[in-house]
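To start, the structure under review is shown below, and the notes come after it.
The values are calculated or read from the model by the stated rules, or taken from the named source; none is laboratory data. The shown structure was predicted, so the numbers you read here are calculated from the model rather than taken from an experiment. Please note: Cβ atoms are built from the backbone with ideal geometry, for glycine as well, and neighbour counts cover all protein chains shown. Quick note on the areas: whole protein, heavy atoms, side chains included, nothing else; ligands and nucleic acids left out. Shrake-Rupley method; radii C 1.70, N 1.55, O 1.52, S 1.80 Å.
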Amino acid sequence: MPFPSYAEYEVLIYGLAESYPQQIKSSTLRLFTTSARTARLEGELEFSNGLRLSVREFIDFITDQIRDYSYAVFRGDEKIRWYDPQPHPENSTLASTFPHHRHEPPDIKHNRKPAPGITFHAPNLPTLITDCEELGREDIKS
């Protein structure tokens with residue numbers, strides 16, 4: 001599937017609450033143009049399970065890709081997971097999703113795991129929403 005156009009990405013972003021009514025409680029996500037063909041996405045999604053996802057993306061619609069991103073998941077004020085594309089070629093366990101990975105407890109700064117579904121070439125929000133939903137289910141089991 002090709003990367004969405006600016007207009008298609010806008011429809012995706014501003015339609016998330018309607019697309020995921022059981023999961024998303026509120027959204028402050030906003031898409032801002034930074035040039036004729038680039039944009040940044042900033043804001044948060046608040047989930048019905050109490051989690052909050054902070055989103056930052058820089059999107060290049062000329063090359064049809066996300067140039068950079070930062071995603072962080074919070075439970076209250078505690079950061080419980082974050083995703084980033086900082087390469088760690090020395091860590092062979094991350095090769096399957098290189099350079100994309102996530103950090104999670106214990107030792108959240110150094111505990112890195114592969115991040116399936118996170119990419120520069122497609123919207124990441126559906127994967128992140130699913131991840132937050134699964135994290136919420138894990139909270140209920142604990």
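Annotations for the structure displayed:
- For segment 19-30, putting each phi into the Karplus relation 6.51 cos²θ - 1.76 cosθ + 1.60 with θ = phi - 60° gives couplings of 6, 10, x, 7, 9, 9, 7, 7, 9, 10, 5, 9 Hz, in residue order, rounded to whole numbers and with x for Gly and Pro.
- In this structure, the amide hydrogen of residue 68, modeled 1.01 Å from its nitrogen in the peptide plane, lies closer than 5 angstrom to those of 58, counting only residues at least 5 positions away or on a different chain.
- Calculated on alpha-carbon atoms, Rg and Dmax of segment 22-142 in Å: 14.7, 48
- Amide H contacts under 5 Å for residue 61, placed H, 5+ residues apart: 38, 39
- Theoretical gain in end-to-end length, residue 40 to residue 25 [0.36 nm per residue, Cα-Cα removed]: 3.1 nm
- Taking Lys and Arg as +1 and Asp and Glu as -1, the other residues whose beta-carbon sits under 15 Å from that of residue 61 total -3.
- Sequence of 84, 68 when ordered by accessible area, the most exposed leading, probe 1.4 angstrom: 68, 84
- Think of it as helices only: each DSSP H run of n ≥ 4 in the chain is worth -39500 (n - 2.57), and spread over all residues that comes to -6000 deg cm²/dmol at 222 nm.
- Selected from 13, 108, 80 as most flexible by GNM, with the chain as the system and alpha-carbon contacts under 10 Å: 108
- In the assembled protein chains, residue 134 presents an accessible area of approximately 80 Å² (probe radius 1.4 Å).
- Note on residue 32 and residue 93: the model spin-label points, each 7 Å out from Cα along the C-beta direction, lie 3.7 nm apart.
- Overall shape: oblate for segment 71-122, with the ratio a/c of the largest to smallest alpha carbon gyration tensor axis at 1.5 or above and b/c at least equal to a/b.
- Along segment 48-54 the Karplus relation, 6.51 cos²θ - 1.76 cosθ + 1.60 evaluated at θ = phi - 60°, assigns HN-Hα couplings of 4, 7, x, 7, 9, 10, 8 Hz to successive residues, with x for each Gly and Pro.
- D_trans [Stokes-Einstein, Kirkwood Rh over alpha-carbon pairs] for segment 1-52, 4 °C, 1.567 mPa s, µm² s⁻¹: 108 µm²/s
- Amide H partners (placed H, <5 Å) of residue 48, local residues excluded: 24, 25
- Our coupling estimate for segment 118-129, obtained by passing each phi through the Karplus curve with A = 6.51, B = -1.76, C = 1.60 and θ = phi - 60°, is 8, 8, 8, 10, 7, x, 8, 4, x, 5, 5, 5 Hz, Gly and Pro reported as x.
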